[in-house]
Amino acid sequence: MAAVLDAFASKLADILVGMAKDEVEMLLGVPGEITKLERTLGDLSSILADAERRRIRDSAVERWVRELKDVMYDADDILDLCQIMEGGVDPPSSSTTAPKTTSGCWNISMFFCFRNPVIAQEIGRKIKALNQRLLDIEKRSSRFGFITQAINSTGYSTNKNANSFSNSNRKTGSGVIRSDVVGEKIEQDTKKIVDVLVSKVDAHIGLNKSNVIVAVAITGAGGIGKTTLARVVFNDTRVEENFDKTIWLSVNKEVNQIDVLQNVIAALGSRYTGSMGDKALLESALKEEVRQKKFLLVLDDVWSDSVNIWSEILRVPLSDGAPGSRVLVTTRNDGVARRLKAQYLHRVDKLEGEDAWTLLKMQVVSNENDEIEINELEDIGRKIVERCDGLPLAIKVLGGLLLNISRTRDAWMDVYNHFAWSIAGIDDDDINKAVYLSYEELTSQLKQCFVLCSLFPKGELIRSRVMVQLWIAEGYVHTNISSKLLEDLGLEYYEELISRNLLEPDKGSYGHSACTMHDVVRSFAQYITKDEGVPLGEGQNVKSTVSTSKLRHLSISNDVEWDDWQKQISLRTLMIFGSLVVLKDQWSNLSCLRVLLLHNVNLVELSDSICHLKHLRYLGFRSTSVSTLPQGIGELKFLQAIDLAHCANFSQLPNSMLKLQKLRSLNVRRTAITSVPRGLGKLEDLVEMVGFPTHSDDSADGYCSLEELGPLSKLKLLDISGLERASSGSAAAKAKLSSKHHLTDLNLIFTSRLGGNGEVEDNISEEEHERIEEVLAHLCPPTCIEVLTIQGYFGCGLPKWMRTMSMFRNLRALKLEDYACCVLLPNGLGQLPFLDYLWIQRAPSVQCIGHDLVFPSLGGDGDVKDVTAVITGTRINGMRPHHISRGAGVAFPKLKKLGFQEMLGWTEWDWEQDIAAMPVLEVLVIEGCKLQRLPAGLAHHAGRLTLLRLRNVLYLVCVENFPSLVELELIDSQRLERISNCPSLQKIMIVRCPSLKVLEALPSVRSIEWKDLSAETLPQYLQKARLNKLRLDCSLRLLKLICLRNDASESEWGKIRHAQQLKAYGWESEEDNVDRYIFYTKEPYSFEADMGEPTDESSEDELSPGLMHCLQSIEGMELE
C-alpha cells in the first residue's frame, strides 16, 4: 500500500532509463530537466533504504520521507504523461489494421492534447518545480546522517534482489506441512474448555432462565494463540457430539448488524431467501433456525468496539436455542470478557521454552536432513525464540524468515542481533517486533506488496490472481528479464509472503489460490502505511479517520457518503466491497487513480467520466449490475486489467478496447457476452483471458473468434466458453494452444448435453459428435499446463492428446465435468508426478475404469481396441498391463483428492493389489454409479485415506479393510450389507441403506448418524456399537416405539439405550414440517420427548456439521 522509498525510486529510474529524454525535453521546452530529475533521484537512492527504516521510530525522518514520497508520486504522474508524449504508449489509429502512431495527439476527443503548446508548457513547468522540490529535499537529507546503501539492497547478508528467489532452502507450495499446535498444554487447555462447554449450568447461573449463555472467554495478547485454541476446541470430538450446530463467526472491530445476522444464518446452513437487508426478517429467520437446537457459537476476536455483537444483535434471536447452547468468545481484552458476562475466563499462556523451540523447528524442518542441520543451530534458535516472548505468531513469522536464509551460524546470529529487537518509542500493540524484523528483511519490492494486502477487509479472501494484478498496476512488480512474465514474478512474491507466514493460505482454496492475513500482521502493515493508506470498515468515515488530504490508498467495506472521499484527489487506489449505496458516477475528480476495484457494489451504469482516469491500470466491477463500458474506454492507454466477472447484465465489449495495447488481463466470466471485437488478437500483452466466448459467423472467410487467441503467446490463464460453436477442428487449431509456452491454467467449456437426470440428450447427431471430437483434438494444451478443466465435452472418443496424458508432466489438477458420451477416461494419469486433484463429475457413459487410467496406452495411437484390452485385463503380447509398467514407480504419487460423481454407467474399477498407487490419497468421493466392489488395490495402498463418501452406489455390497479411514458416509446404497475391519473409523453416516446388517471390527467408532423413514425397525447393529453419540431420523411410528422405553434387548429402545447421547427425530414424510424428537443422555441421566407442533419451516436432510464443512470444501473447490 505505502510505497517503499527505494523501490519507488527504482521504478522511476527504470522509466527514466527507457525514455527518449531529449525528444520529450524538446517537446516540453525544458532542455536538461528530465535528465536532472533522473540524476537527483540517483543521488538520493543510496540513502533511501535507511530513511525508510528510520521513519518508523523518528518523527522528523517520517516528515522528510512523506515529503519525498509526495514528490515521487507527482513525478510518477508526470512521467506517465511524458511516456504518452514520447510514444512510450503506442495507441493504434482508428483502423485496426493501420500501423501504430508513435507520438502526439491520437484522438481529438481526448480531453487534452500534448501537441497543444499550452499543455506542453504546463507539463514543463511542473517538471521544473518538481526538480526544485527534489533538490531542496536532497539538501536537507544531510542533517539526518543517513547510512549510504546500494539501491535494491536491504542490508541483509544474503544478497537478495527483487527478481530472484534462488535460495535453496526456500520451500513453497504444499511440501512443508506446518502446525500451529504444539505441546501438552494446548491439550490440557482444550479439555478444560470443552468440559465447561458441555457441562450443566450451575444453579445460580441459570437464574436468568436463558437457554444460551456466554460460557467461555479466551483472552490474551494478539498472536498468542487464542484463535488456534478456539479452533482446536471447535473441532473437538466431544463438541461435535454435544451440539447440534456449531457456528464460527469472525468478528471485525466495526460490526454491521445485517452482515452479522446473514453470516450466522449462512453458517447454520439455512437457505433463507427473504429480504437480505431487513433486520427484523433476518432475526425472525435466525430464531426459527435455532429453535430447539443445541448450538455452540464462537465469536472470534471481539473488540471493545464490537462487544455489542452479543447483547444487541445475537442474544435475542438465539435465545430459543435448546438448553445447553453455549457461546465462546476470544478477545484481547479481559474487560470485554467481563462485559459479556462470560462464566469462565481462560487466559492463554505464552509458550514455554521447549514448546516454543518445537514450534520454530516445525517451520524450518521438512525432512531428516533438515533436522540434522537445524539441531546444530539449536543454541542460537532457542535464543531467537526467547526474543519472541512466547508468542506463537511471532515464532511462526521468524520461522518463515529463517526458512528463507542460509542455515549458517552467522546468518542466524544476524537475526538474533537484528536492530528490530531494540526498536524503541512505539507501542508494542502497533508493532510486533518479530513481524517487524521479518518485514525489514523483505526486499523493498516485497515490502510494498505485503502492505498492500492489508487493504483487503478482514473476512475477504485475498485471491492470488487479483493480488498480483493489483501489484502490477501499482508498479510494484517489474523485471529486467525480458522472458519472464510480470505475473510469474508476482506469484513468486505471493508464495514468498506465504512461506514467511506473513500470509496464511485458505484451506478451502486449491493450491494457495487464496489466503488471509492474521490480525496482528494486518495491524502492523496498517501501522506502516499510516496516513498513506487506510481501510475503512463499518462505523468509520473518511473525515474522522483520515488526517491527511493526500491519502493515496483507500479501501471501504461499509456505506460511506460519496462526498467524504471524493475530495481525496490524490488517491491512487480505491477499493469498495459490498456497499449498498448507489454510487454517483463522478470519477473525474480522482484523476490520479491507478486502481479502481468495486466488488458487489450497487452500480448500474458507468458514465464517460471513467475515461478521464488517464493513469488507470486496473478496472474491476465484479458482481455489479454494469451492462456496458463507455466507448471512450480505449483512451485509458495504461489500462492493464479489466474484471467484469459475474456482471450478469454485461453483454458487449466496445470496439474501442482494441486500443488498449497494454491490457494484460480480461475477465468476462459469467457475463452475457457472446462475442469479442474482431481484432482482439492484436492485444498481444494479454496474459489472462477468462470467459472468452467462441463465436463463428457466416462471413466469406469463415471467421471464428478462436483465431483471436492465436497471436496471444503470453497467455498464462485461459478460459474458453461455448466451444460447441466452433465450426470445425481447423477453426479450433487457429487458437494455437499447444504453442503457448506460458499457459498453466486452461478451462475448455462446451455447453452441456446432459439433462437434469444426468443422462445424455438423444438429439446429438453423428456429425456433431465427430465435430466436437475434432475441435477438442485441436485444442491440445502445451506440456507446461498445470491446471486443466474440461466441461461439457460430448464427443464419443478421446482425442489423441488425452490418450497420452503422461506427457503433461506438470499437471497438478484435472477436472472433467458433464463428460457426456465418451466411454474412456484420459489415459496415463497415474504417471503424472505432481497430480494431486482429480475430479470426474457427471460422466454417464464410462462403464469401466482400468489400468489405462494409471498407465500410458499400450497401442501407439491409443485406439479404443487397445484401451479396451487394458480395461478388461486381457493379455497383449503375452503380458499383463501392469507387468509392462512394473518398475515405473508408484502411480498417482501425489494424489490427495479423488472424486467420481454421477457416473451412471460405471460398473467396474479394476485395480489389483499388486499395483502400487495413490499412497497419499486423503479424500475419496463416489456418487451415482453401479459399482459392485471397491478395488483391492484401493484398500491396500491408500494408506492415508481418511474420508470416504459413497452415495447412491447401487450395487456395492461391502466396505472393508481400510486401516486409516476416519469418516465414512453412506447414502442410498441399497445393497450395502457390511462394513468391517476399519480400525481407525470414528464416524459413520448411514442414510437409507436397508440391506446393511453387519458392522464389525470397528473398534474406534463412537458416532453414528442413521436415517431411514421407511424402516419399520432399527437395525440390530446399533446395539453392538459402543457409541458416544447417536442421531436417528426415522418414521413417527418408530419414534413412538423408542419413546416407550421398553428395556427388553430386542425392543427398539433396547437397541440404543447404551448410547451415551441420543437425538432421535420422527417424520411422517420427507416433506414433514412437525418437530418431534427424543433427547436422551445416559450419564448423567436425562430424557426429554416432544411430539412437536407444526412450524413454518420445512425439514431438510441434515449432515453433521463436521462432514458438511468437509464435503463442501471438497466439492466447492474452484480451480483458478
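The values are calculated or read from the model by the stated rules, or taken from the named source; none is laboratory data. Everything numeric here is computed off the predicted structure, so don't read it as measured data. Cβ coordinates were reconstructed from backbone atoms using ideal geometry, including for glycine residues, and neighbour counts include every protein chain displayed. Heads up: the accessible areas ignore ligands, DNA and RNA and are worked out on the full protein's heavy atoms, side chains in. Shrake-Rupley method; radii C 1.70, N 1.55, O 1.52, S 1.80 Å.
Which of the following residues is open to solvent by 40 Å² or more (accessible area, probe 1.4 Å), under 30 Å from I15 (Cβ atoms) and not assigned by the TED database to the domain that holds S59: R500, R463?
After ruling out the rest, the residue left standing is R463.
When the range 776-814 is examined, which residues are found to be open to solvent by 10 Å² or more (accessible area, probe 1.4 Å), part of a loop (DSSP other than H, G, I, E, B) and of a type in the set (G, A, S)?
G797
If you scan the range 886-903, which residues turn out to be open to solvent by 50 Å² or more (accessible area, probe 1.4 Å) and under 25 Å from R978 (Cα atoms)?
E902
Run W310 past the list (1) open to solvent by 30 Å² or more (accessible area, probe 1.4 Å); (2) modelled with pLDDT under 85 and report the number of the one that doesn't hold.
(1)
Select from the range 466-484 the residues that are in contact (Cβ under 8 Å) with a residue 12 or more places away in the chain, open to solvent by 10 Å² or more (accessible area, probe 1.4 Å) and over 23 Å from D531 (Cα atoms) and list them in ascending order.
V466, Q469, H478, T479, N480, I481, K484
So if I check each of L318, L297, which one is within 25 Å of T1081 (Cβ to Cβ), open to solvent by less than 50 Å² (accessible area, probe 1.4 Å), under 28 Å from the mean Cα position of the chain (by Cα) and at pLDDT 80 or above? Can you show your working first?
Details: L318 fails: under 28 Å from the mean Cα position of the chain (by Cα).
Sole residue among the options that is within 25 Å of T1081 (Cβ to Cβ), open to solvent by less than 50 Å² (accessible area, probe 1.4 Å), under 28 Å from the mean Cα position of the chain (by Cα) and at pLDDT 80 or above: L297.
Assuming G937 fulfils every condition listed in (1) buried (at least 21 other Cβ atoms within 10 Å of the Cβ); (2) in a loop (DSSP other than H, G, I, E, B) apart from one, which condition is it?
Status for G937: all satisfied but (2).
If you scan the range 961-989, which residues turn out to be among the polar types (S, T, N, Q) and within 19 Å of V920 (Cβ to Cβ)?
N961, S964, S984
Counting only residues that are open to solvent by 10 Å² or more (accessible area, probe 1.4 Å) and in contact with a Lys or Arg (Cβ under 7 Å, 6 or more places away or on another chain), which one in the range 405-423 is modelled with the lowest pLDDT?
Checked the range 405-423; the qualifying residue modelled with the lowest pLDDT is I423.
Could we say that F1087 is surrounded by 15 or more Cβ atoms within 10 Å (Cβ to Cβ) and assigned to a strand (DSSP E or B) here?
no
Based on what the data block shows, is L603 without any contact (Cβ under 8 Å) to a residue 60 or more places away in the chain and part of a loop (DSSP other than H, G, I, E, B)?
Numbers: without any contact (Cβ under 8 Å) to a residue 60 or more places away in the chain: yes; part of a loop (DSSP other than H, G, I, E, B): yes.
So L603 fits the description; yes.
Of everything in the range 530-550 that's at pLDDT below 85 and part of a helix (DSSP H, G or I), which residue is surrounded by the most Cβ atoms within 10 Å (Cβ to Cβ)?
V542
Which members of the range 991-1005 meet the condition of being buried (at least 19 other Cβ atoms within 10 Å of the Cβ) and in contact (Cβ under 8 Å) with a residue 24 or more places away in the chain?
The answer is L996, L999.
Just to be sure before I move on: is L931 over 20 Å from D836 (Cα atoms), part of a loop (DSSP other than H, G, I, E, B) and open to solvent by less than 40 Å² (accessible area, probe 1.4 Å) in the structure I sent?
Here the answer is yes, as L931 does meet what is asked.
Which ones in the range 340-391 are farther than 22 Å from K191 by Cα and touching a strand residue (DSSP E or B) at 6+ places or on another chain (Cβ under 8 Å)?
Passing the criteria: only L340.
What is the number of the single condition among (1) free of Cβ contacts under 8 Å to residues at least 40 places away in the same chain; (2) within 30 Å of the chain's Cα centre (by Cα) that K714 does not meet?
The single condition K714 does not satisfy is (1).
If I go through the range 957-983 residue by residue, how many of them are more than 36 Å from the chain's Cα centre (by Cα) and closer than 18 Å to M903 by Cβ?
Total meeting the criteria: 3.
For the structure I just gave you, tell me whether I15 is open to solvent by less than 30 Å² (accessible area, probe 1.4 Å) and either in contact with a helix residue (DSSP H, G or I) (Cβ under 8 Å, 6 or more places away or on another chain) or aliphatic (A, V, I, L, M) (or both).
Judged against the criteria, I15 is not a match.
For the structure I just gave you, tell me whether L948 is touching a residue at least 60 places away in the same chain (Cβ under 8 Å) and either over 24 Å from C993 (Cα atoms) or not hydroxyl-bearing (S, T, Y) (or both). So that I can check it myself, show each step before the final result.
Numbers: touching a residue at least 60 places away in the same chain (Cβ under 8 Å): no; either over 24 Å from C993 (Cα atoms) or not hydroxyl-bearing (S, T, Y) (or both): yes.
Taking the combined requirement at face value, the residue does not satisfy it.
Conditions tested, residue by residue: (1) over 30 Å from F146 (Cβ atoms); (2) at pLDDT 85 or above; (3) crowded, with 19+ Cβ neighbours inside 10 Å; (4) of a type in the set (A, V, I, L, M).
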| position | (1), (2), (3), (4) |
| --- | --- |
| V24 | yes, no, yes, yes |
| I84 | yes, no, yes, yes |
| G87 | yes, no, no, no |
| M110 | yes, no, no, yes |
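Does any residue of the range 352-360 turn out to be assigned to a loop (DSSP other than H, G, I, E, B), in contact (Cβ under 8 Å) with a residue 40 or more places away in the chain and buried (at least 18 other Cβ atoms within 10 Å of the Cβ)?
no
May I ask you to verify whether K662 is in contact with a His (Cβ under 9 Å, 6 or more places away or on another chain), over 27 Å from E773 (Cβ atoms), open to solvent by 10 Å² or more (accessible area, probe 1.4 Å) and touching a residue at least 24 places away in the same chain (Cβ under 8 Å)?
Answer is no for this residue.
Only residues that are in a loop (DSSP other than H, G, I, E, B) and hydroxyl-bearing (S, T, Y): list them for the range 1025-1063, please.
Residues satisfying the conditions are S1049, S1051.
Only one residue in R382, R326, R332, R338 is open to solvent by 40 Å² or more (accessible area, probe 1.4 Å) and touching a residue at least 40 places away in the same chain (Cβ under 8 Å). Which one?
None of the other options fit; the residue is R332.
Could you tell me how many of the residues in the range 300-356 are closer than 21 Å to D195 by Cβ, in contact with a Gly (Cβ under 9 Å, 6 or more places away or on another chain) and of a type in the set (G, A, S)?
0
What residue, of L619, L580, L606, L597, is surrounded by 15 or more Cβ atoms within 10 Å (Cβ to Cβ) and at pLDDT below 90?
Testing whether each residue is surrounded by 15 or more Cβ atoms within 10 Å (Cβ to Cβ) and at pLDDT below 90 leaves just L606.
Is there a residue being over 29 Å from P844 (Cβ atoms), free of Cβ contacts under 8 Å to residues at least 40 places away in the same chain, of a type in the set (D, E, K, R) and open to solvent by 20 Å² or more (accessible area, probe 1.4 Å) anywhere in the range 732-747?
Taking the range 732-747 first, the residues over 29 Å from P844 (Cβ atoms) are 733-734, 736, 738-744.
From what's left, free of Cβ contacts under 8 Å to residues at least 40 places away in the same chain: 734, 736.
Now restrict to residues that are of a type in the set (D, E, K, R): 734, 736.
Checking the rest, the ones that are also open to solvent by 20 Å² or more (accessible area, probe 1.4 Å) come to 734, 736.
Yes.
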